[in-house]
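The next block holds one structure in the form of C-alpha cells; read it before the comments.
The values are calculated or read from the model by the stated rules, or taken from the named source; none is laboratory data. Quantities reported herein were computed from a predicted structural model and do not represent experimental measurements. Note that we place each Cβ from the backbone using ideal geometry, even for glycine, and neighbour counts take in every protein chain shown. Surface areas here come from the heavy atoms of the whole protein model, side chains and all, with no ligands, DNA or RNA. Shrake-Rupley method; radii C 1.70, N 1.55, O 1.52, S 1.80 Å.
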Amino acid sequence: MPIAEARVHTDRSSRYLVQLCRHAGKMGRHGRVDVQWSDTRGTLTIDGDTCTLLALPDALLLRAEAADEPGLARIQELITANLRRFSTRDPLTVRWHRGDTPAEAAPTPTRRHRRPWTVPLVVLAVLAVAAHVLLGSAALAAPAWAGWLADAVLVLLLLKAALVGLGYLTHRLRTRATR
C-alpha cells in the first residue's frame, strides 16, 4: 500500500483542516466520500483511498494512503489543489514525499531566498554613501568648488530616486506576475 506524507507550514492549520473536511463532506453526498473531523484531526476517505490530517500549531500534517499508485496520485492532487485554492491570500506549499522518508527530511522552506540583485544593491548603496562623504569633505576643504559639488549632489539624488523608482516598479511587476 503506497503512502505519502506532507508537512504544510501554516499558523492556520486548524482552519484549513476544517475547511478541507467540510468541502469534502459536501462532496460526500454523492456517496464516494466519507469524512470525519474535529478542529485538530480529520480523515477523508475517497473511493477507498485515505488522507489523514493533523493540525499542529505551526503546520498541517497530511498522510495519504491508497491501494495503488494511481489512487495515491489522485488523492494527493485532490488535497493539494484544494489547499492551494483555499489559501489564495497566503499561498500554502504542499510537498509530498514517500511515507518511508521522515517528514523532517523533506525540503521545507524556512525563509525566502535572497534575491539575486540584493548584493549589487547593497554595494551600490555603500558607494552612494562613500560618494556623499567624499563630496562633503571636498566641499569643506575647497569652498571654490561649492557650485560644482552642489550639482554633483543633485545628480546623485536624481540617480538614487530613479534607481529606487525602478526597483519599486520591478517589484510591483513581479508581484503581479506571481498572482
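For beta carbons closer than 8 Å, sequence separation of 6+ or different chains, a first residue in the range 136-158 that is over 22 Å from A125 (Cα atoms) and a second that is surrounded by 13 or more Cβ atoms within 10 Å (Cβ to Cβ), the qualifying pairs are W145/A138; W145/A139; A146/A139.
Can you spot a residue in the range 63-73 that is within 30 Å of R176 (Cβ to Cβ) and open to solvent by 70 Å² or more (accessible area, probe 1.4 Å)?
First, the residues of the range 63-73 that are within 30 Å of R176 (Cβ to Cβ): none.
So far as the range 63-73 goes, no, none of its residues is within 30 Å of R176 (Cβ to Cβ) and open to solvent by 70 Å² or more (accessible area, probe 1.4 Å).
Once the range 92-139 is narrowed to residues that are touching a Ser or Thr at 6+ places or on another chain (Cβ under 9 Å) and open to solvent by 60 Å² or more (accessible area, probe 1.4 Å), the residue that is modelled with the highest pLDDT is R95. Total residues in the range 151-179 satisfying the condition of being under 17 Å from L135 (Cβ atoms) and either open to solvent by less than 60 Å² (accessible area, probe 1.4 Å) or in contact with a strand residue (DSSP E or B) (Cβ under 9 Å, 6 or more places away or on another chain) (or both): the figure is 3.
If you scan the range 22-62, which residues turn out to be open to solvent by 80 Å² or more (accessible area, probe 1.4 Å), at pLDDT 90 or above and hydrophobic (A, V, I, L, M, F, W, C)? Listed by number, the list holds a single entry, W37. Only one of the numbered conditions (1) open to solvent by 40 Å² or more (accessible area, probe 1.4 Å); (2) modelled with pLDDT of 75 or more; (3) not basic (K, R) is not met by I79, and that is (1).
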